[in-house]
Every structure is written in C-alpha cells, then in structure tokens.
Amino acid sequence: MKKSLKARIVDGLLIAMMVLPLTLALLLKILTRVPAEGISVTGAQVFFTVPMPFMDMHIGESQVNSLAVLITLFGFCLFMTRDLKVKPTSKRQVIAEWIVETVQNLVNTNMGERFAAFAPFITAILGLSALSSLSSMLGLFPPTSDVNVTFGWAILVFGLITYYKLKGGFGNYVKGYFEPLFILAPLNVIGEIATPISMAFRHFGNVLSGVVISTLLASGLQVASSAIIGWLPGFLGEFPLLRFGVPAVFSIYFDIFSGCMQAFIFAMLTMLNIANNFPEEEYEKRLQRKREKALRKA
Amino acid sequence: MLTIAAAIILGCCALGAGLCTGIGAIGPGIGEGNAVAKSCEAIGRQPESKGAVTSTMIMGCAVAETTGIYSLVISILLIFVAPSTFINILKSL
C-alpha cells in the first residue's frame, strides 16, 4: 500500500515539528552562550526578565527548553496517532498501542481499577520527564536540572493528592492530621509538606549531580590529555584527545539510565501517593449516604 | 580583616560541603546495599519472581537515596550559592 502525497507531506511536517524545537533551542544556546574561561558549572542562562508585582519572572533556558520539549512531545503524539485503523497496518500504530498498553497495565497494577483514567496523565509525566532529562544528550541545558521545573510538577502532584484526600470529606481530611495522637499534628503537617519537597529534590538532585559530574569529568580529561600530548608543538598540544568518546561511556549511566530511572520513579511515586492516600472507606460511606438521601427525596 | 573573614567563609563553605556529602552518603550506601543484598537472596530463592523483585528494589533504592540527594543539594548550595550570600552580608555590616 503506497502512501498518498498528502499523507507524506503531513508526516514530514510532523517530523519537522518534532525535530525543529530542539534544534532551535540548541541554536539559541550557541548564539547566546557567554564564552567562559575553561569549564565551569553554571545555572540556567536568563534571556530576559518580566517585572511582576512580588518577584521578577525570569525567562531563561529552562523555560525555553521545556517548551521545546513539550512541542516535540506533542508532535510525537500527533505523528504516532495518525490514521489509526481497527486492525493495525503500520509499525507506527503497533508502537503506539504498545506504549498505551504498557502504561495502562502499570497504572492498573499500581493504582487499581478506580484510577484507570490516570493513564494519560502518567504517560505525560513519564514522557516529559524522560525527554527533559535526555535533552542533555544534545548538549542542551536539561530543564529538570532546574529546581523550579521539578517543583512545579511536584506541586501539581501534591494538589492531586490533596484533591483525592478531600473526596473522603473535609472533616475526615482534617481529622487525618490528628490521628494516632492529638499532639502529633505538627509532625503530620511536616510530613504532608515533605512529600512534594522530597519528590522535587530527588529528581532535581539526580539530574544535577549528573550534570556536575560530567562537567568535572570533562575538565579532568582536558588536564589528562594535555599531560599526555602536551609536548606536541602548536595547537596539536591543546588537542583534547581524551575528551572524544570517554565522556560518552559515563553518559550512558548519568544521562540515559539516570534520566529514564528518575522519570519512572517520579511517575511511580505519583501513582503510589495518590492511590495510597485515597480514603476508600470514607468515600464509599459518603456515596452510600448521598444515595440514601436521594432515595428519601424521591 | 575583611579578607581574612572572607577566606574563613570560603574555607568553611568548602569544608562543610565536603563533610555534608561525605557523611550523608554513608546512610544511603548502607541502605541500598542492604536492599540489593536482600533482593539478590530473594531472586536466588525464587528465580521466577525476578522481574517483580527487581522493579521493587529499584523503587526502594530510589527512595533510600533521598537523604543522600538532600545532602548533595545542600553541598551544591554551599559551594555555589552560600559564599556570595555570606560575603554580601559581611560587606553590608
């Protein structure tokens, strides 16, 4: 079966939508990079600042790169779900179905049937987090090594946890803080706040440590290669011999494994926190009471 | 006088950063080692449960790593953020 010209053009446009944002972000980085002496660990570069009432808003590399990652993922989703059939005929649809089924299985085993509708949200978290961390492979500033980005996600998850806790009734939610003993209320509040903080810092710290270690490794290899071939005349002596290939071996762990691992862990903790904190009995009781009320009225 | 004070601040920040990650890495190291050892035992006893044990172990390792990551974040703050903040406070005195 041959594809029509129109389908080919749309496919090409969607592939461009996947590739262009990251390329443009890379170009922006190359154009605006401030040349530094040697190798140094720096935070995200700030492009411009928007004045705001309480605190100025900085639009920097992390915001631009996360937007690029978002557009890339959106293009990927559109590309994978083009002309779906009841019986899959293209490889594309088989891969898309595999992704959907895997995440649905994951959500069903970890959260139960009640939260089956969470699968798209979990897929979004997984894809966004993994691609954000993997964007460091292209030489971009990974958005997840900015604590504000991961904190934003963690606060979103915290809101979801609280929303599902409140489904058991506001009284039960407040009572939950004074459980086993009345005196333990401050500790419970601290424990509640610690959830998003630990989620945010775990993801941020893991990605950031990878960035710091690879930068230190690059500078160390520079010194080592100048010690080995420094006796050569001219620019040959400054040739960074060891910086070819060696960082790639370490990048397998620090970029690929660590990035994918942290995405999985963030999604896993989201699922477990939401499902475990959901007050099932109280929710059922409330539903029962509502049903009885409706019956009495009728 | 001011240079001596700044030097002491810089030195103490570097020392604190090293001690922070160094001591903070002991706990997660022992904890993760225990987790991996126990899961190896479990896989040895029941090789068919390898998949479930491995994924649970990685999950537990990630949670056990949290305190190490906290100390790492504090170290990075001590190296990159704290010196300039403290020296600015010193200048304004």
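We did not get these values from a lab; they are worked out from the coordinates using the rules stated. Just so we're clear, the structure is a prediction, and the values are computed from it rather than from any experiment. No Cβ is skipped: glycine too gets one built from the backbone with ideal geometry, and neighbour counts run over all protein chains shown.
Per residue, the convex hull spanned by the alpha carbons of the stretch A:252-298 comes to 58 Å³.
Rounding to the nearest 20 debye, state how big the charge dipole of the stretch A:1-160 is about its Cα centre with +1 on each Lys and Arg Cβ and -1 on each Asp and Glu Cβ.
On the way: 12 positive and 9 negative charges, 192 e Å.
With Lys and Arg at +1 and Asp and Glu at -1, about 920 debye.
Annotation: aspartates and glutamates with alpha-carbon distance below 20 angstrom to A:K3 (same-chain offsets under eight excluded): A:D11, A:D83. When you restrict to C-alpha pairs under 8 Å that are six or more residues apart and normalise by the size of chain A, the relative contact order lands at 21 percent.
Shown for the stretch A:5-297: lysine pairs separated by 8 or more places, or found on different chains, whose C-alpha atoms are under 26 Å apart, numbering 17.
Applying 1/(1 + (r/R0)^6) with R0 = 45 Å to the Cβ-Cβ distance of A:F48 and B:V36, what FRET efficiency is obtained, to the nearest 0.05?
On the way: r = 48 Å, r/R0 = 1.06.
The value I calculate is 0.40.
When chain A is modelled as a GNM with alpha-carbon springs shorter than 10 Å, which of A:S251, A:S90, A:S209 fluctuates the most? For chain A, modelled as a Gaussian network with Cα springs under 10 Å, the answer is A:S90.
Equivalent-ellipsoid semi-axes for the stretch A:18-127 (Cα gyration tensor, √(5λ), whole Å, largest first): 37, 20, 13.
Shielding value for B:58-67 is 4, the average number of Cβ atoms from other chains within 10 Å of each residue's Cβ. The ranking of A:S62, B:S92, B:S39 from fewest to most other beta carbons within 10 Å of each one's beta carbon is B:S92, B:S39, A:S62.
For the stretch A:59-175, the extents of the C-alpha atoms along the principal axes are 53, 43, 19 Å, listed from largest to smallest.
Once the convex hull of the C-alpha atoms of the stretch A:173-274 is built, how many Å³ does it hold per residue, rounded to a whole number?
Working: hull volume 11.7 nm³, N = 102.
Convex hull volume per residue, Cα atoms: 114 Å³.
In chain A, which whole DSSP H runs stretch at least 27 Å along their own axis (Cα) and average 0.0 or higher on the Kyte-Doolittle scale? TM-like helix candidates: A:5-32, A:61-80, A:147-166, A:185-229. Placing pseudo-labels 7 Å out from each Cα toward the beta carbon at A:Y177 and A:F257 gives an inter-label distance of 4.3 nm. Computed over the stretch A:154-211, the quotient of the alpha carbon radius of gyration and 2.2 N^0.38 Å is 1.40. For the protein assembly as shown, the orientation-averaged shadow of the C-alpha convex hull comes to 33.1 nm² (one quarter of the hull surface).
Count, for each residue of B:73-83, the Cβ atoms from other chains sitting within 10 Å of its Cβ, then give me the mean as a whole number. All intermediate terms of the calculation are to be shown ahead of the outcome.
On the way: counts 7, 2, 2, 6, 0, 0, 2, 4, 1, 0, 0.
Per-residue shielding by partner chains comes out at 2.
Annotation: amide H of A:F47 within the under-5 Å range of A:I59, A:G60, A:E61, sequence separation 5 or more or interchain, hydrogens built in the peptide plane. The Kirkwood radius of chain B, taken over pairs of alpha-carbon atoms, gives through the Stokes-Einstein law at 4 °C and 1.567 mPa s a diffusion coefficient of 82 µm² s⁻¹. Computed over chain A, the per-residue total of -39500 (n - 2.57) for DSSP H runs of n ≥ 4 gives a 222 nm mean residue ellipticity of -23000 deg cm²/dmol, rounded to 500.
The simple spin-label model puts a point 7 Å past each Cα toward its Cβ; for B:L2 and A:E280 those points are separated by 6.6 nm. Of the peptides A:143-153, A:213-223, A:70-80, B:81-91, the ranking by mean beta-carbon count within 10 Å, highest at the top, reads A:143-153, A:70-80, A:213-223, B:81-91.
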